[in-house]
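Let me begin by presenting the structure, written as structure tokens, before commenting on it.
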Amino acid sequence: MDFNNNYQEIDLEYCRATTGKRFTNYLIDLVVFYIITFGIAIILGIIKPELLDSFDGLSGRLISLLLYGIVMFITEAMSNGRSIGKLITGTRAVNPDGSDITFQKAFIRNIIRAIPFNAFSALGNPCAPWHDIWSDTIVIEEKKLALQTQKINLFDSVKNQTL
């Protein structure tokens with residue numbers, strides 16, 4: 001019997017997180033980032049209030065973008081491609097072959113977030129922002145990945161029983 005081998009690989013395009021889910025991740029991560037930034041600002045205000053003046057205007061915005069990239073990098077590097085938003089929505093950043101991202105990929109991916117207008121690059125369907133394209137990563141929904149894996153296991157078991 002000739003069996004179709006299409007079930008041997010996981011279809012990561014099917015598992016790709018939707019634009020809406022990615023936007024939800026971004027909003028959650030942004031709120032968490034502002035909470036962290038607010039806490040740091042309070043501490044700086046108590047310890048050395050004159051430092052807060054350096055965060056005004058364009059320089060403050062650029063520092064904020066860079067800090068956002070660093071916070072996201074630390075979070076994704078520590079939690080295997082997941083930020084707080086991704087943990088809540090059940091998504092994860094992976095390599096195009098489905099393997100976990102490395103420490104270096106997490107760094108590249110999240111420093112690219114500091115580029116102004118990176119968030120606008122996510123507006124599209126499928127959602128493919130610059131930090132995904134340039135770091136060669138993809139954000140997937142873990143439930144869809146689990147379904148794909150179960151499908152493969154099911155077809156493999158049926159294939160083994162009929163041989």
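Nothing in this text is a laboratory measurement; each read-out follows from the coordinates by a stated rule. Keep in mind that what you see is a predicted model, and the values were worked out from it rather than measured. Every residue, glycine as well, gets a Cβ built from its backbone with ideal geometry; the counts of neighbours run over all protein chains shown.
Which residues in region 110-147 place their backbone N less than 16 Å from a point set 7 Å from the Cα of Tyr14 along the Cα-to-Cβ direction? Taking a point 7 Å out along Cα→Cβ of Tyr14, the residues of region 110-147 whose backbone N falls under 16 Å are 140-147.
For the chain, averaging the sequence separation of C-alpha pairs within contact (under 8 Å, six or more residues apart) and dividing by the residue count gives a relative contact order of 32 percent. Between the Cα long axis of helix 142-162 and the first principal axis of the chain there is an angle of about 20°, rounded to the nearest 10.
In this simple spin-label approximation, Lys48 and Lys143 carry label points 7 Å from Cα along the Cα→Cβ vector, and these lie 4.7 nm apart.
Kindly state, to the nearest 0.05, the FRET efficiency for Ser64 paired with Gln150, given R0 = 35 Å and r defined as their beta-carbon distance. Present the calculation step by step, with values, prior to reporting the outcome.
Numbers: r = 42 Å, r/R0 = 1.21.
Here the calculated transfer efficiency is 0.25.
Residues of region 88-112 with amide nitrogen under 13 Å from the 7 Å Cα-to-Cβ point of Trp134? Residues passing the 13 Å test: 107-112.
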